[in-house]
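I have placed the structure first, in the form of structure tokens, so that the comments after it can refer back to it.
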Amino acid sequence: MATMSIAYGGIIAFLFRGLNAVVAFATVVLVERTSDFGAFGLGIIVVGIVNAAGNGMTAAAAYQVANQGQAPGKTLLSGLLPMSTVSVLGIFAGLVAGSALSGDVAAAAVPVAVAGAALVLNGVITGVFLGRGAFIRYNVALVAPPFLSLCAIAFTVFVLDQRTGEAALGAYAVGQWLALGAALLYGQRLFEGSLRFSLPLSGTMVRFALSASLSGVVSFLGYRGDQFVVAGFEGKAGVETYLLAVVVAESVWQVSGSLSLATYTRIGAASREEAALLTTRVMRHTLLLLAVVCTGLFLVADLIERWVFSSAAMATPLRVLLPGVLIYSLGASLSAFYTYQRGLPWVAAFIAAMALAINIALAFVFIPGLGVEGAALAKSVGYAVAIAAGLVMFVRQERVPVSQLFRFGRDDVEDYRVLLQRLRDLLRTPARTAPLP
């Protein structure tokens, strides 16, 4: 049963995360071909930082519903009020920045602030869904914002014929607010009957969120902080090329994230020794699957550059990024173990901070001479060194043989055999039970 849970649960989670990745990829392609992607990309980085900070309230809401037994409606209102205040302040800051600054930063300030406001509010709703165990609602609430933003951008480009980075960011913000309204309607039946505000609960959630947000922001900056260095040396054109390579390379983390998501609950409930063994099992699956995917991307990088993106020379940076992305995929498993088993969420932030520090330091060394390829090399090295340090700490503290991380055994093969059998059974069931015409 344990074997089947990793593969089967992972594939279910991957379907949702994969859809999100497809939507994100389609958005990148659409904006890259029709608008100022450099300005749009920098704006989305800022939105991503806001989203990472808002995920702290998502975790707080989920914890209160799942672990503390708080009612969904009470948790929702107690989280929405402080986050509404944050949203209003964020929009005001965007208006001030738009008036005080100039150029692309001024143009992006207001739509970025408006999009960020919707994101932090939606984070409270998704947290309630997650804590309640409403798996479908939770995943739909995650997919809806980028999907509706994609639809809004397509409408802006093809119907309104607005093709600037500012217009794309504005459409992105509209999509985020549409998704917020849809999430409230979608969860209405879950919230009704318990809608009330609690000041003590709100304060507890804010304190929890502040701690979790710090970890989220550090982790996000570990992924995206170097793009500001690229912008300083290479300008918007360099950001466009580099960001496209990073988006394609890091899309493979949908696989590793899905495998880890499928085992979060079991890792938290198991003994420390059992959780460590389960973590190594997930790592082996992650390395195997992502080695195949990364090899495929390495081979077709030129085709992706030529057929998918119109002008950016991102094939070489993509190839340089892939080794670091492959090894850093193990970070999802380490994060799950230290957060849900050991109660040490700061470990993931520490690893991400190490990757960021190495990345930024090397970026200033490599980019002047190598350009975007230097930025990719700096990130790849930073990822590899940081995750290696995390793995050394893990194997020493948990007394796990290093070979346990990489030796793919008979039980692991059996996992996929059972998975395929179950999928065949699921596909046959409709055929056996469908009524005759």
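Considering (1) at pLDDT 80 or above; (2) in the same structural domain as L150 (by TED's automatic domain parsing); (3) part of a helix (DSSP H, G or I), say which one A24 fails and leave the rest. It is condition (2) that A24 fails. Applying the condition of being part of a helix (DSSP H, G or I) and not hydrophobic (A, V, I, L, M, F, W, C) to the stretch 393-411 and asking which residue is farthest from L334 (Cα to Cα) yields R410. Could you go through the stretch 82-97 and let me know if any residue there is of a type outside the set (A, V, I, L, M, F, W, C), assigned to a helix (DSSP H, G or I) and either farther than 29 Å from L42 by Cβ or outside the structural domain of A167 (by TED's automatic domain parsing) (or both). The answer is no, given that none of the residues of the stretch 82-97 is of a type outside the set (A, V, I, L, M, F, W, C), assigned to a helix (DSSP H, G or I) and either farther than 29 Å from L42 by Cβ or outside the structural domain of A167 (by TED's automatic domain parsing) (or both). Taken as a whole, the stretch 42-52 holds at least one residue that is at pLDDT below 80, buried (at least 20 other Cβ atoms within 10 Å of the Cβ), under 16 Å from F208 (Cα atoms) and within 23 Å of the chain's Cα centre (by Cα). Is it the case that the stretch 86-97 has a residue that's more than 17 Å from the chain's Cα centre (by Cα) and closer than 17 Å to M205 by Cβ? There is at least one residue in the stretch 86-97 that is more than 17 Å from the chain's Cα centre (by Cα) and closer than 17 Å to M205 by Cβ.
Pull up the stretch 335-392, narrow it to residues that are free of Cβ contacts under 8 Å to residues at least 40 places away in the same chain and outside any helix (DSSP H, G or I), then point me to the one that is surrounded by the most Cβ atoms within 10 Å (Cβ to Cβ). Looking at the filtered set, the residue picked out is L344. Just a yes or no: is a residue in the stretch 172-179 hydrophobic (A, V, I, L, M, F, W, C) and either modelled with pLDDT under 95 or in contact with a Cys (Cβ under 8 Å, 6 or more places away or on another chain) (or both)? No; the residues of the stretch 172-179 include none that is hydrophobic (A, V, I, L, M, F, W, C) and either modelled with pLDDT under 95 or in contact with a Cys (Cβ under 8 Å, 6 or more places away or on another chain) (or both). Cβ-Cβ distances below 6 Å connect the following pairs, each with a first residue in the stretch 280-299 that is assigned by TED's automatic domain parsing to the domain that holds F394 and farther than 21 Å from G390 by Cα, a second residue that is among the charged types (D, E, K, R) and at pLDDT 90 or above, and a separation of six or more residues or different chains: F298/R319.
Evaluate the following for G79: is it small (G, A, S) and assigned to a loop (DSSP other than H, G, I, E, B)? So G79 does not fit the description; no. Return the residues of the stretch 352-369 that are out of contact with any Leu (no Cβ under 7 Å at 6 or more places or on another chain) and aliphatic (A, V, I, L, M); say none if nothing qualifies. The answer is A352, A353, M354, A355, A357, I358, I360, A361, L362, A363, V365, I367. Only one of the numbered conditions (1) closer than 21 Å to L405 by Cα; (2) modelled with pLDDT under 85 is violated by V239, and that is (1).
The values are calculated or read from the model by the stated rules, or taken from the named source; none is laboratory data. What you see is a predicted model, and the numbers here were worked out from it, not measured in a lab. Note: ideal-geometry Cβ built from the backbone for every residue, glycine included; neighbour counts use all protein chains shown.
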